Amino acid sequence: MKLLNNYILIEAIVEKKEKSAGGLFLPSTIDGERPEIGMVLETSNEMVPKGSKVVYSKYGPIEVAIDDKKLLMVKVEDILAIL
């Protein structure tokens, strides 16, 4: 896949669920909010290398399905930090 126009393909990193004192598992996000940290799978920009872990804007990504996987296309401008 070749990305155009400064887009980056990201796989979201889902945080683990926390276990309460009563033994219940609590989700780390409420109402199915999208995580804001992901792993770069493909990039069209040299500033954000492939394989990087990044923090991105919550409302910027476009959801795409590739090979039955939900991935995110994010503009370089929506990348807030490289971890």
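Read-outs: derived from the displayed coordinates by stated rules, not from any lab. If you're wondering where the values come from, they're calculated on a predicted model, not measured in any experiment. Virtual Cβ from ideal backbone geometry, glycine too; neighbours counted across all protein chains shown.
General remarks:
- Cβ-Cβ under 8 Å pairs, at least 6 apart or on other chains, the stretch 2-15 side closer than 11 Å to Pro61 by Cα and touching a residue at least 60 places away in the same chain (Cβ under 8 Å), far side surrounded by fewer than 19 Cβ atoms within 10 Å (Cβ to Cβ) and of a type in the set (S, T, N, Q): Tyr7/Ser44; Ile8/Ser44; Ile8/Asn45
- For the stretch 40-47, the criterion of being in contact with a strand residue (DSSP E or B) (Cβ under 6 Å, 6 or more places away or on another chain) and among the acidic types (Asp, Glu) is met by at least one residue.
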